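Notes follow once the structure below has been shown.
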There are 4 protein chains.
Amino acid sequence: MSLINNIAPELITSDWLNTDSVISLQSLRGKVVFLHGFQMLCPACVTHGLPQASAVRNAFSQQELAVIGLHTVFEHHHAMGKEALKAFIHEYRLRFPIAIDMPDPVSGIPLSMQQFGLRGTPSILLIDRQGHIRFRQFGHIDDLKLGSMLGQLVAETDITEKPAVDNKSSANETKGCNEHSCISP
Amino acid sequence: MSLINNIAPELITSDWLNTDSVISLQSLRGKVVFLHGFQMLCPACVTHGLPQASAVRNAFSQQELAVIGLHTVFEHHHAMGKEALKAFIHEYRLRFPIAIDMPDPVSGIPLSMQQFGLRGTPSILLIDRQGHIRFRQFGHIDDLKLGSMLGQLVAETDITEKPAVDNKSSANETKGCNEHSCISP
Amino acid sequence: MSLINNIAPELITSDWLNTDSVISLQSLRGKVVFLHGFQMLCPACVTHGLPQASAVRNAFSQQELAVIGLHTVFEHHHAMGKEALKAFIHEYRLRFPIAIDMPDPVSGIPLSMQQFGLRGTPSILLIDRQGHIRFRQFGHIDDLKLGSMLGQLVAETDITEKPAVDNKSSANETKGCNEHSCISP
Amino acid sequence: MSLINNIAPELITSDWLNTDSVISLQSLRGKVVFLHGFQMLCPACVTHGLPQASAVRNAFSQQELAVIGLHTVFEHHHAMGKEALKAFIHEYRLRFPIAIDMPDPVSGIPLSMQQFGLRGTPSILLIDRQGHIRFRQFGHIDDLKLGSMLGQLVAETDITEKPAVDNKSSANETKGCNEHSCISP
């Protein structure tokens, strides 16, 4: 079943950084949520995804839109633990709250990543003011298109269902990392 | 009197390129209009403004949003006549309709530019589906912010007045051209 | 006969801008010469070639290396005359001497362009301290490779012939302009 | 005493990656050496320094020039150990040999970094064919200038001493990381 247009399930996390307390998606109702799935050693996340997430945070009022990072480690687990992530956040000066996705020792794919059907990193998920997932994309999205979608979601005040898109097309299908993305096994 | 939130007056033009017939703003009611004021020898227009206008045209449905160029020549008039502009449009592969702003031999500032209060090039003017000017800016605007505003305007279907902004802050105040813009006398 | 490794013939010009007097290649012996062939309405010249030529001028001592522009108009002649070029030079703040290639009314390809075998714009020609053409390229060349070649030419003090390259490979072969270059008929 | 124009001392390393055996600078005599000091969590290294090092490796013959990475960890030591570096090298597809600078538990500044007087990351050190340090820089250097220096060093065949530069000017003096560099304590 597609998650698109359904209420987003809660994040399953092992920890949070850049916030004093755990953040639930439920608590963000009324705001648009920009959820950015990344790994600190994913080149495309470092080059494009995370700077874009920071730019989104600066471009919109925090009353209207919340930016949440989700560290979805599915490879090189030993090199991307919490302490390494803290160093990374410090050096890259990331300001928005970042959740650490709950590891799944069996599959190696963390639980929120599984639940949201994210195929790799970077991934973005847009959630509307009523909590519905309205857009999901794996790989790069340009600023103009992203800005347009966020602008439309911010402009919504009613609870009518709107058309939504699950865009898988922009990223390479080979497992592993290339300059655009990392794909999970 | 500010033009912001008022119905946009019609363009005053001496000619049109990239279109079979004259286009009135009146005829575009129901669509969002992205009006891009430029000069073919303005470096910031060539580097940023015109590529952004082309990207806007590609990012939105032409049923929802119309991109219109306005060649507002206020300097080096002899080097930016209609034939030179046609060569420029050909070489830069511009696809959207482009109006030639009506020269004013007295002031040197063309008439639409005067009427819309444009201070130089590049300038953008956003007009909503009901024909109201909703945003005017001289100088560079980033894709994320522009996309967000266009997304919000596209999302509007009612005729309620919305807050608007007349943003003059991003451009240098010295007359002449720099890497960001050209300012009219 | 290839021009590579032979003494560069003199430029054939109708006029010069950004200089008080005509400049002969003969008068530049002892310096490396970076000759940049461009057209003011060639997009790749505006985006890459001319900024690179300005960067070369700033990166090297003018005692060691001379940057010379050559306006080789082979299309849209009416839109790229001397007065238009002066406006262009002013707006783009070009500082180096620029020769206007002598028109050939018969072929439309100007005479220096013919003589140096330039296939379109942008083109570069590197001339060593003894006046030999050492490198010729049509289309984009990256800064690292260009810097390396210029560094090697600047380092030469003897008159020994060195291997040279005539690189035609980096540009598209279709006539007309694309984002990388303009090719002459 | 300045190291400039003196024979480079040997690297003091705890390990090597991307090579089957330890590499001594002595063994590289006859080639120009481009030594790139970096940290895997230094943003400017990831954005500028390492891509530039890879580009240098591609632009020059490996018979003429050797690119060597030096992982000079002076902060967040726990997050930048050997296994994390291996994951980083894999994801960023670095191909050149990389030495791990020998830690100094007392100061936290690794030993090669101390010995070469490197102030932070990214840093570059250029060594000529005879083994002399000819250029040292902390912070960003543009491709044109770097290419020019490398071209001049590659062009040298004699053993005459040449003027050299120790350029500290391009980087910010505040300790910690900014978008241009990381400075050691």
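The values are calculated or read from the model by the stated rules, or taken from the named source; none is laboratory data. Predicted, not measured: the structure shown is a model, and the values here were computed from it. Positions of Cβ are backbone-derived with ideal geometry, glycine not excepted, and every protein chain shown enters the neighbour counts. Note: accessible area is taken over every heavy atom of the protein model, side chains too, but ligands, DNA and RNA are not part of it. Shrake-Rupley method; radii C 1.70, N 1.55, O 1.52, S 1.80 Å.
Things to note:
- The listed residue being aliphatic (A, V, I, L, M) and open to solvent by 40 Å² or more (accessible area, probe 1.4 Å), out of B:ILE4, B:ILE12: B:ILE12
- Filter result (closer than 18 Å to D:GLY37 by Cβ and aromatic (Phe, Trp, Tyr)) within segment D:55-100: D:PHE74, D:PHE88, D:TYR92, D:PHE96
- Selection of segment B:135-151 for residues being more than 12 Å from every other protein chain (Cβ to nearest Cβ) and either without any contact (Cβ under 8 Å) to a residue 12 or more places away in the chain or in contact with a Lys or Arg (Cβ under 7 Å, 6 or more places away or on another chain) (or both) yields only B:PHE138.
- Of all the criteria given as (1) within 14 Å of chain D (Cβ to nearest Cβ); (2) under 30 Å from A:THR157 (Cβ atoms); (3) touching a helix residue (DSSP H, G or I) at 6+ places or on another chain (Cβ under 7 Å), the one not satisfied by A:SER54 is (3).
- Segment B:121-145: number of residues that are more than 15 Å from B:PHE38 (Cβ to Cβ) and either assigned to a loop (DSSP other than H, G, I, E, B) or open to solvent by less than 30 Å² (accessible area, probe 1.4 Å) (or both): 12
- Residue match in segment A:15-34 (condition: closer than 19 Å to A:HIS140 by Cβ and open to solvent by 20 Å² or more (accessible area, probe 1.4 Å)): no
- Boolean, B:HIS48 is modelled with pLDDT of 95 or more, within 14 Å of chain C (Cβ to nearest Cβ) and over 20 Å from B:GLY139 (Cβ atoms): no
- Just one of the listed residues (B:LEU118, B:LEU94) is farther than 20 Å from B:ASP20 by Cβ, modelled with pLDDT of 95 or more and part of a loop (DSSP other than H, G, I, E, B), and it is B:LEU118.
- Residues in segment A:84-117 that are within 28 Å of D:ASN178 (Cα to Cα), β-branched (Val, Ile, Thr) and open to solvent by 10 Å² or more (accessible area, probe 1.4 Å): A:ILE89, A:ILE100.
- Considering only residues in segment A:60-79 that are more than 14 Å from the chain's Cα centre (by Cα) and surrounded by 22 or more Cβ atoms within 10 Å (Cβ to Cβ), the one that is nearest to the other protein chains (Cβ to nearest Cβ) turns out to be A:ALA79.
- Applying the condition of being within 18 Å of the chain's Cα centre (by Cα) and modelled with pLDDT of 80 or more to segment D:146-176 and asking which residue is most open to solvent (accessible area, probe 1.4 Å) yields D:MET149.
- Cβ separations smaller than 6 Å between residues 6+ apart or across chains give the following pairs from segment D:23-49 residues that are among the hydrophobic types (A, V, I, L, M, F, W, C) to residues that are open to solvent by 40 Å² or more (accessible area, probe 1.4 Å) and at pLDDT 95 or above: D:LEU25/D:GLU10; D:LEU41/D:HIS76.
- Single residue of C:LEU70, C:LEU146, C:LEU118, C:LEU85 found to be touching a Gly at 6+ places or on another chain (Cβ under 7 Å) and closer than 17 Å to C:VAL46 by Cα: C:LEU70
- Among the residues making up segment A:35-49, those that are in contact with a strand residue (DSSP E or B) (Cβ under 9 Å, 6 or more places away or on another chain), closer than 18 Å to D:CYS45 by Cβ and either open to solvent by 10 Å² or more (accessible area, probe 1.4 Å) or among the small types (Gly, Ala, Ser) (or both) are A:PRO43, A:ALA44, A:VAL46.
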